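One structure below.
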Amino acid sequence: MEAGDLVLFMRPISIESIPINRELYNFPKVIIFEILAGCNLKCIMCPQPKLTRKKGLMDFKLFQKLVDEIAEINPDTEIWSPIMGELFLQPLKIFEYLKYMKTKGLKKKNINTNLNLFKPEYIDNLAECDLNKLTVGLDAATEATYDKVRVGGDFKVVEKNIDALLKAKASGQLPSLEITLQFIVQDENIHEEELFKQKWTGSGATIKIRHKLGWGTGVAADNLSIPDSERNIPCPWLMRTLSIHWTGKAAQCDSMWDGQEYMGDLNQQTISEVWLSELQERRKRHLKNDFNFYPCHTCKDWQCGLSEIYN
């Protein structure tokens, strides 16, 4: 393959590849907790390096309050963390948060990490959390490409940590944990998509290939190219997901990554109250194909569709 002669192996974006959800839920199906805001990397597909709002760690009592509500209303709610952060900046504190979700019986506990700051000695702590998924943002099959995409990271350290996790899983130390290696397709790594699949197939890890998000207008995502005139479906994120920043402020979705607009304050409100107020009205507008309001009128992330999963 000649330089510049790139081929997108992942299926192209189309209306048919986007999950359609027209149900109005009384409680979010997915909640994204920003337990910690702040990151050690400056990845090119993430707006975190441009973050202007204050960074910090969610108050543990606030976290307990929110987890308690989820446990009471729907412990099957899918939990992800973080939004604009790397959890292993404060590993010992983070394990307290993750273990609390286990004690309350939450059934779908998942985290994302770049794994640079993880250490093999944390595996015992990780096992106590009984997580369901740990997704590693890898996005490259070689060190040269990793350095271009995951700026500030150490490819060799990450691969060493992945190996330690996979060995722990194979030995039975992490029996319930699905270890997922994620590859976000973008111009800088598109030539390594097939190599990435080949490299990790059969390793014991799940391979996740997904389209690049724009985080609203946070980063350029020219791959999201379906014309607005062809849109006739609600946003999958808006219909199912609530984002909670570390301060307790509730955002509509990841397009509000910098706190541009908030839908409520969970220090004073419940998740249900926030979910069923203005956000419910916005979901109803989407069901009527009315997307003419901020941030939906400029956001293209509804186009991303489902990821491709391999083992």
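The values are calculated or read from the model by the stated rules, or taken from the named source; none is laboratory data. The model shown is predicted, which means the values in this text are computed figures rather than measured ones. A quick note on method: Cβ atoms are made from the backbone with ideal geometry, for glycine too, and the neighbour counts reach across all protein chains shown. Keep in mind that these areas ignore ligands, DNA and RNA; they rest on the heavy atoms of the full protein, side chains included. Shrake-Rupley method; radii C 1.70, N 1.55, O 1.52, S 1.80 Å.
For a quick check of understanding: with a 1.4 angstrom probe and all protein chains in place, what accessible area in square angstrom does Ser203 have, to the nearest ten?
40
Which value, to two decimals, describes the C-alpha radius of gyration of the range 228-305 once divided by 2.2 N^0.38 Å?
So the Cα radius of gyration is 1.08 times the expected 2.2 N^0.38 Å.
With N set to the number of residues, divide the alpha-carbon radius of gyration of the range 59-181 by 2.2 N^0.38 Å and report two decimals. It would help to have the intermediate numbers written out before the result.
Details: Rg = 15.0 Å, N = 123, 2.2 N^0.38 = 13.7 Å.
Compared with the compact-globule rule of thumb, the range 59-181 sits at 1.09.
Quick one: what are the phi-derived ³J(HN,Hα) couplings along the range 233-239, Karplus 6.51/-1.76/1.60 with θ = phi - 60°, whole Hz, x for glycine and proline?
In residue order, the calculated couplings are 9, x, 6, x, 5, 4, 6 Hz.
Once phi is turned into θ = phi - 60°, what whole-Hz ³J(HN,Hα) does the Karplus curve with 6.51, -1.76 and 1.60 give for every residue of the range 81-91, x standing for Gly and Pro?
Couplings: 8, x, 10, 10, x, 10, 4, 7, 5, 9, x Hz.
Would you mind counting up the charge near Tyr25? Only other residues with Cβ under 13 Å from its Cβ, with Lys and Arg at +1 and Asp and Glu at -1.
On the way: positive: Arg22, Lys29, Arg240, Arg283, Lys284; negative: Glu23, Asp76, Glu78.
Within the 13 Å Cβ shell, the charges total +2.
Report ³J(HN,Hα) in whole Hz for each residue of the range 222-232, in order, from the Karplus equation J = 6.51 cos²θ - 1.76 cosθ + 1.60 where θ = phi - 60°; Gly and Pro get x.
Each residue of the range 222-232 in turn: 5, 5, 8, 10, 5, x, 4, 5, 8, 7, 8 Hz.
Contour minus end-to-end for Tyr294 and Ser176, with contour as 0.36 nm per residue of separation and end-to-end as the Cα-Cα distance?
Values: separation 118, 0.36 × 118 = 42.48 nm, distance 4.00 nm.
The span from Tyr294 to Ser176 would gain 38.5 nm if fully extended.
Under 13 Å from the Cβ of Leu89, count the other residues' Cβ atoms, weight Lys and Arg +1, Asp and Glu -1, and hand me the total. Before the final figure, lay out the partial values.
Numbers: positive: Lys55, Lys93, Lys119; negative: Glu34, Glu86.
After counting each charged neighbour, the total is +1.
Which cysteines in the chain lack any other cysteine whose Cβ sits under 4.7 Å from their own Cβ?
For the chain, the answer is Cys39, Cys129, Cys235, Cys253, Cys296, Cys299, Cys304, because their Cβ atoms have no other cysteine Cβ under 4.7 Å.
Taking 0.36 nm per intervening residue step and subtracting the Cα-Cα distance, what contour gain separates Tyr25 from Leu92 on full extension? Could you put the intermediate results ahead of the total?
Details: separation 67, 0.36 × 67 = 24.12 nm, distance 3.50 nm.
Contour length minus Cα-Cα distance gives 20.6 nm.
How many nm is it between the label spots at Ile73 and Glu278, if each spot is 7 Å from the Cα in line with the beta carbon?
Result: 1.8 nm between the two label points.
At a probe radius of 1.4 Å, what is the per-residue accessible area of Lys148, in Å² to the nearest 10?
Rounded to the nearest 10, that gives 130 Å².
Which pairs break 27 Å Cα to Cα here: Lys50/Lys104; Lys104/Lys288; Lys167/Lys197?
Long pairs (Cα-Cα over 27 Å): Lys50/Lys104; Lys104/Lys288.
Could you tell me which residue out of Thr103, Leu66, Phe118 lies farthest along the dipole of the range 43-186 toward its positive end? Charges go on the beta carbon: Lys and Arg +1, Asp and Glu -1, centred on the Cα centre.
Leu66
Determine the order of Phe60, Phe27 by accessible area, beginning with the largest, at a probe radius of 1.4 Å.
The residues order as Phe60, Phe27, largest area first.
Out of His245, His297, His286, any idea which swings most in a Gaussian network model of the chain, alpha carbons joined below 10 Å?
Comparing His245, His297, His286 in the GNM, the peak value goes to His297.
Send over the Kirkwood Rh of the range 110-192, from the inverse of the averaged 1/r over different Cα pairs, rounded to one decimal Å.
One over the average 1/r among Cα pairs gives 13.3 Å for the range 110-192.
Run the 1.4 Å probe and let me know the accessible area of Leu242, rounded to the nearest 10 Å².
0
Helix-only estimate, please: 222 nm mean residue ellipticity of the chain, summing -39500 (n - 2.57) across DSSP H runs of length 4 or more and dividing by its residues, to the nearest 500.
Calculated from helices alone, the mean residue ellipticity at 222 nm is -8000 deg cm²/dmol.
Rg and Dmax of the range 128-241, Cα atoms, in Å?
In order Rg, Dmax, the Cα atoms of the range 128-241 give 16.6, 53 Å.
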